[in-house]
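As structure tokens, the structure follows; a few thoughts come after it.
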Amino acid sequence: MHAPTRILTIYFDGGCPLCRREIRWYQHLRTREPVAWVDLDERRGEPPAPDLGFEQAMRLFHARCPSAGLLVGVDGFIRLWQAFPVLRPLALIASFRPIKAVLGKAYEVFAARRWRKRCADGACGLVP
């Protein structure tokens, strides 16, 4: 079962301490629109949506937007940031093509490491 698609839906790994902290931070901000938060860890192994598999969702950040569909990685973060007045400037900066490319590569590296370690010892696998 998935959240209604008429609102922005954010899929996140609630079993990852870093991810959980980040989502809690977002949840305390004032939004310009409704946001549905889907904790993938609570749905262990279940596909969160017909077009989004569980492992696929766990590997990378996903957001579903009524007007743009399923957004992955940096595109999903940019769309999430647009939902918060205080983060809209960050969304605008991150949308600038050269910056978006750098953020995209950095996120891919982070996501690959996080997935391999799956948040070992509460540090999301980010060990030096």
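Here, each number is a calculation from the coordinates, and none is a lab measurement. Not measured: the values here are computed from a predicted model. Here Cβ is always computed from backbone atoms with ideal geometry, including for glycine, and neighbour counts include all displayed protein chains.
Odds and ends about this structure:
- For Leu87, the shell of other residues with beta-carbons less than 13 Å away shows a net charge of +2, using +1 for Lys and Arg and -1 for Asp and Glu.
- Relative contact order (percent, whole number), the chain, Cα cutoff 8 Å, 6+ residue spacing: 26 percent
- Cβ charges +1 (Lys, Arg) and -1 (Asp, Glu), total dipole of region 11-117, debye: 440 debye
- Label separation (Arg6 vs Asp41): 3.1 nm, computed from points 7 Å beyond Cα along the C-beta direction.
- Fewest-first sequence of Asp75, Asp13, Asp39 by Cβ atoms within 10 Å of each Cβ: Asp39, Asp75, Asp13
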